[in-house]
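Below is one structure, written out as structure tokens; the observations come after it.
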Amino acid sequence: MNANVVLSGVGLWTPPNKITNQELVDSYNAWATAYNQQHQSEIDAGTLTAKPFSSAEFIEKASGIKSRYIYRKEGALDIERMRPVIPERGEEELSNQAEIAIEAARLAMADANKTAADIDAVIVSCAYTQRSYPAIAIEVQQALEIEGFGFDMLVACSAATFGMHRAWEMIASGNARCVLVINPELVSPQVNYTDRDSHFIFGDVATATVLESAATVNTDTAFDILSTKAQTVFSNNIRSNFGYISRANDTDPFGPDKLFHQAGRKVFKEVCPMAAEHITAHLAQHDIAAEQVSRWWLHQANINMNTLICKKLLGRDANAEEAPIVLDEYANTASAGSIIAFALHHRDLASQDVGVICSFGAGYSIGSLVIRKR
Ligand code: CO8
């Protein structure tokens, strides 16, 4: 089905604070040293395992990550705290997530040459929302003076592509002319900075995209969306158990299982083939071979995953221009990774060039869009 839906704008808001691997490792190792000293007798008695040390070399080699951005740096590296300080805001103040969502949304609207009056719906789609209701999307809608409606969606790492999938359907069905999809990935409060296996993985960011009917496009940098494709298969291998029932569970509402945790190796092994098969099937719907794709804007969780998926798709290594990597600078930003890659690496494409945006992660969930430069 060619529904004439267009991706006409993108916005990327980057937090002002950066944390390098070395800073993160120095903090974690100081925390682990203090922990081990404090629990020396239990460790000697064999009733407790000593905390192992982290290394910047391991992190870069295993993941491709060199640094990450963080919304509020204070507290995150403090070994007495190991979580950022984000003071609670009053109910009359803008929420933190709406604040960063608005930054990205304004950039995307400017990129698409759209004003509030042009937009019919706002979707805030990300890995976490900071409250259950009222929806962050409705707060953003009011702040930007957009009429129509807004709602929040949670699909972990595939929230951005699934949000765009929803927007595509709304426009294709005629229920909306133009939809703003925003991904305020404020993930640092859920990172366990005392867990060596995952303390380095995530960074904060906000991205936004504008999708609209081809009839209203007002920019020469837009892409036709040939179609969107979504897939989910349940897995416990990436999980966070924090939720509204935590208070009634009579367990520690801030315990390690309430934060992000994963079986990284299993995720790697299971998700790479799923993602490659998903993309191959999606391209086949349009009789497009992988060699005909000019750009792969893939999810940014681990550079080795992207290398493997590209090799499965192309039968060879993709070069940095074909499959840009942003996780060296941004780390894993949950659903925003493929949109950051798109935001930073699409302007050089020529008319009729085809590209694929694809996310993969918790759920498991995989979302893709096949797009073609107008
Ligand atoms: N420093 C030094 N050594 C380390 C460290 C460290 N920091 N961490 C682990 N090691 C050690 C391990 O203990 C292990 O030692 P040993 O061999 O003695 O047991 C050795 O290094 C190798 O460890 P791994 O096998 O775990 O290493 P890998 O090569 O598999 O790399 C990765 C680990 C990087 C985590 C890798 O498995 C990976 O990236 N997998 C893919 C996972 C993935 O993509 N997950 C996506 C999650 S994101 C998502 O879905 C969105 C969720 C919502 C956002 C949440 C925000 C908070």
Percent accessible area from carbon and sulfur atoms, the chain, protein chains only, probe 1.4 Å: 50
On a 0 to 90 degree scale, rounded to 10, what angle separates helix 159-172 from the longest Cα axis of the chain? 20
I need the calculated FRET efficiency for the pair H286 and R131, taking r as the beta carbon distance and R₀ as 25 Å, to the nearest 0.05. 0.05
What percentage of all Cα-Cα pairs in region 223-373 are separated by more than 21 Å? 46
Using modelled backbone amide H atoms (1.01 Å from N, in-plane), which distant-in-sequence or interchain residues come within less than 5 Å of S227's amide H? V370
Of the residues A206, A62, A127, which exhibits the maximal mean-square fluctuation in a Gaussian network model of the chain defined by a 10 Å Cα contact cut-off? A62
How far is the Cα center of region 97-165 from the Cα center of region 33-61, in Å? 42
Determine, from the Cβ-Cβ distance of A116 and A34 and an R0 of 51 Å, the FRET efficiency 1/(1 + (r/R0)^6), rounded to the nearest 0.05. 0.50
What list of ³J(HN,Hα) couplings, whole Hz, do you get for region 265-279 from phi and the Karplus terms 6.51, -1.76, 1.60, once you set θ to phi - 60° and write x for glycine and proline? 4, 5, 4, 3, 5, 7, 7, 4, x, 4, 5, 5, 5, 4, 5
Direction-averaged shadow area of the convex hull around the Cα atoms of the chain, nm²? 19.0
Let me know the charge dipole size of region 223-373 about its Cα centre in debye, to the nearest 20, where only the beta-carbon of Lys, Arg (+1) and Asp, Glu (-1) is charged. 260
List, in order, the whole-Hz ³J(HN,Hα) value for each residue of region 366-374 obtained from phi through the Karplus relation with A = 6.51, B = -1.76, C = 1.60 and θ = phi - 60°; use x for Gly and Pro. 9, x, 9, 10, 9, 10, 9, 4, 6
Sorted from largest to smallest, which semi-axis lengths in Å does the alpha carbon gyration tensor of region 94-230 give for its equivalent ellipsoid, taking the root of 5 times each eigenvalue? 27, 16, 13
Whole-Hz ³J(HN,Hα) from phi, Karplus 6.51 cos²θ - 1.76 cosθ + 1.60, for region 71-81, glycine and proline x: 4, 10, 7, 3, x, 5, 9, 7, 5, 7, 10
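The values are calculated or read from the model by the stated rules, or taken from the named source; none is laboratory data. Everything numeric in this text was worked out from a predicted model, so none of it was measured. Quick reminder, even Gly has a Cβ in these numbers, built from the backbone with ideal geometry, and neighbours come from all protein chains shown. Each accessible area value is taken on the protein alone, full model and side chains, heavy atoms only, with ligands, DNA and RNA left out. Shrake-Rupley method; radii C 1.70, N 1.55, O 1.52, S 1.80 Å.
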